[in-house]
Amino acid sequence: MPHDRHAVGHSDADVLLHAVTDALLGAAGLPDIGVLFPNTEEVNRGRDSADMLRLAYDRVVAAGYRLANLDAVVHAQRPKLSPHKAAIVDRVAAILGVEPSQVNVKAKTGEGVGPVGLEELIEARCVVLLEQIKT
Ligand SMILES: Nc1ccn([C@@H]2O[C@H](COP(=O)(O)O)[C@@H](O)[C@H]2O)c(=O)n1
Ligand SMILES: C[C@@]1(CO)OP(=O)(O)OP(=O)(O)OC[C@H]1O
């Protein structure tokens, strides 16, 4: 999405995909993204977060779970996410190989105050519901 700022990270710093990744891993009782993909390893420099999300979800499935649905919120003063929400949902669903109806993405400004409102950072939170894969 075009913007005059960018997030800083060791990987590609995709805040939303990292939140989704950590929520999936956490719900399955697995180690977090920083343990699976340490920021001390060169292989993870500039790494595509979609790739990490895919691998993390493979771990979740291997642990016996699959996604029922997820709900994420991006806290960002700018840019406006609304025009892009459907594309973001479709992209997250495609990465995970699930239906777009299983993915919900919301956005909140910081109402102009605090680190989000002053555009010092953006953050994302995500909750997921997993179901056990019946064997
Ligand atoms: N980066 C953002 C932030 C918010 N929105 C949408 O704007 C509406 C109002 O947001 P408030 O934080 O003032 O409640 C709301 O519908 C958000 O989804 C956005 O698109 N992009
Ligand atoms: C995934 C990693 C890999 O470098 O990426 P970062 O962009 O540093 O993102 P963050 O979520 O702060 O920490 C986890 C890192 O291990």
With bins 5 Å wide starting at 0, give me the P(r) of the stretch 4-51 over every alpha carbon pair, in whole percents. 5, 21, 31, 24, 13, 4, 1, 0
Nearest 0.05, what FRET efficiency do residue 118 and residue 86 give at R0 = 30 Å with Cβ-Cβ as r? 0.55
Given points 7 Å out from each Cα along the Cα-Cβ axis, report the residue 66 to residue 54 separation in nanometres with one decimal. 1.9 nm
Scalar couplings 3J(HN,Hα) for the stretch 3-9 by Karplus 6.51 cos²θ - 1.76 cosθ + 1.60 (θ = phi - 60°), nearest whole Hz, x for Gly and Pro, are 7, 8, 10, 9, 6, 10, x
Taking only protein heavy atoms into account and a 1.4 Å probe, give the accessible area per residue of the stretch 15-135 in Å². 55 Å²
Could you work out Rg/(2.2 N^0.38 Å) for the stretch 15-132, with Rg from alpha carbons only? 1.08
For the chain, find the longest principal axis of its Cα atoms and tell me its angle to the long axis of helix 49-62, 0 to 90°, nearest 10. 30 degrees
The chain, accessible surface, carbon-and-sulfur percent (1.4 angstrom probe): 53 percent
Identify which of 53, 36, 17 has the largest mean-square fluctuation in a Gaussian network model of the chain, with springs joining Cα atoms closer than 10 Å. 36
May I ask you to list the lysines whose Cα is less than 16 Å away from that of residue 106, ignoring any residue fewer than eight positions away on the same chain? 80, 85
Residue of 93, 56, 72 that the Gaussian network model of the chain assigns the largest fluctuation, springs spanning Cα pairs under 10 Å: 93
Summing +1 per Lys or Arg and -1 per Asp or Glu among the other residues with Cβ less than 12 Å from residue 58's Cβ gives +2
Below 8 Å between Cα atoms, with a sequence gap of 6+, how large is the relative contact order for the chain in percent? 32 percent
The chain: most fluctuating residue of 18, 84, 75 per GNM, C-alpha cutoff 10 Å: 84
Testing the spin-label approximation: label points 7 Å from Cα along Cα→Cβ at residue 106 and residue 45. State their distance in nm. 3.9 nm
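The values are calculated or read from the model by the stated rules, or taken from the named source; none is laboratory data. Please read these numbers as outputs of a predicted model, since none were measured by experiment. Note that we place each Cβ from the backbone using ideal geometry, even for glycine, and neighbour counts take in every protein chain shown. In case anyone asks, the SASA skips ligands and DNA or RNA and just uses the protein heavy atoms, side chains included. Shrake-Rupley method; radii C 1.70, N 1.55, O 1.52, S 1.80 Å.
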